[in-house]
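The values are calculated or read from the model by the stated rules, or taken from the named source; none is laboratory data. Bear in mind the structure is a predicted one, so any value in this text is a computation, not a measurement. So basically every Cβ, Gly included, is an ideal-geometry build from the backbone, and we count neighbours across all protein chains shown. Ligands, DNA and RNA are stripped out before the accessible areas are found, and what is left, the full protein with its side chains, is counted by its heavy atoms. Shrake-Rupley method; radii C 1.70, N 1.55, O 1.52, S 1.80 Å.
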Amino acid sequence: MTDLLPLTPDELLTTTRAVRKRLDLDRPVPLEVVREALEVALQAPSGSNRQGWHWIVLTDDEPKKRIAELYARSHREAYRGAPEPADGARARIMSSSIYLREVMHRVPVLVIGAITVDEGELPPGNQAGLWGSVLPAAWSLALALRARGLGTTWTTLHLRYEREAAEILGVPAGVRQGVLLPVAYTKGTDFRAGPRADLDNVLHVNRW
């Protein structure tokens, strides 16, 4: 088993950050480490314990490049014409987002979390039950990777071109993608908790 960082559960939960510029693009990531983290992630809950999830792990240059191209196209479309963020925090986030767009193809491993959908079509109305059966496992994967000295960031922009991505990767029509996680070792492991809204501003007890 891979050595784990000396983090308490609370430290792990509060310091698993979105990592972009601190991804080590030159250090190889053994597939066995990703498999180990996925074994942990598969302990996450799923509706009726159906475990309909699938994990597409990309390590070869060609599929990574093609998915990265879809991501970059979608990123440019999403932010075309958007004003430059004025404050420091937003500007830093945008800078790191653009950086990831330009280097996505170089990230050692890309992981796509997906789920089998009945009759191949997303259900109408609230889809919490569907996505709640794969996204918790994807977050567990991010936590398990962090514990092993790796980082990632939650991305969904490539889903604008989900069908094209499915064709590239041979994903069956009855499987829908939900998240893309670029995975690499991090440059240093000293991450801190991020700024968040005050709990009292978002907490509602018994009623709104």
Count - residues of region 90-107 that are in contact with a helix residue (DSSP H, G or I) (Cβ under 9 Å, 6 or more places away or on another chain) and touching a residue at least 60 places away in the same chain (Cβ under 8 Å): 6
Take residue 204 and tell me if it is closer than 28 Å to residue 15 by Cβ and either aromatic (Phe, Trp, Tyr) or touching a residue at least 24 places away in the same chain (Cβ under 8 Å) (or both). no
Over region 123-140, the set of residues over 16 Å from residue 112 (Cβ atoms), free of Cβ contacts under 8 Å to residues at least 60 places away in the same chain and touching a Gly at 6+ places or on another chain (Cβ under 9 Å) is 123
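Let me confirm something: among 46, 95, 74, which residue is of a type in the set (Ser, Thr, Tyr) and open to solvent by 30 Å² or more (accessible area, probe 1.4 Å)? Outline the logic, then answer.
Details: 46 fails: open to solvent by 30 Å² or more (accessible area, probe 1.4 Å); 74 fails: open to solvent by 30 Å² or more (accessible area, probe 1.4 Å).
Only one candidate passes the filter, namely 95.
Okay, residues lined up against (1) among the aliphatic types (A, V, I, L, M); (2) at pLDDT 95 or above; (3) within 18 Å of residue 156 (Cβ to Cβ):
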site: 65; (1), (2), (3): no, yes, no
site: 69; (1), (2), (3): no, yes, yes
site: 76; (1), (2), (3): no, yes, yes
site: 81; (1), (2), (3): no, no, no
site: 93; (1), (2), (3): yes, no, yes
site: 102; (1), (2), (3): no, yes, no
Across (1) open to solvent by 30 Å² or more (accessible area, probe 1.4 Å); (2) closer than 30 Å to residue 94 by Cα; (3) not in a loop (DSSP other than H, G, I, E, B), residue 20 clears everything bar (3)
Can you list residue pairs whose Cβ atoms sit under 6 Å apart, with the first residue in region 160-180 being within 19 Å of residue 127 (Cβ to Cβ) and the second being open to solvent by 30 Å² or more (accessible area, probe 1.4 Å) and in a strand (DSSP E or B)? Count only pairs 6 or more apart in sequence or on different chains. 174/116; 175/54; 175/116
Name, by its number, the condition in (1) under 16 Å from the mean Cα position of the chain (by Cα); (2) under 24 Å from residue 165 (Cα atoms); (3) part of a loop (DSSP other than H, G, I, E, B); (4) hydrophobic (A, V, I, L, M, F, W, C) that does not hold for residue 67. (3)
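Residues are listed down the side, and each one gets a yes or a no for (1) modelled with pLDDT under 95; (2) open to solvent by 50 Å² or more (accessible area, probe 1.4 Å); (3) within 24 Å of residue 115 (Cα to Cα):
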position: 7; (1), (2), (3): no, yes, no
position: 54; (1), (2), (3): no, yes, yes
position: 57; (1), (2), (3): no, no, yes
position: 99; (1), (2), (3): no, yes, no
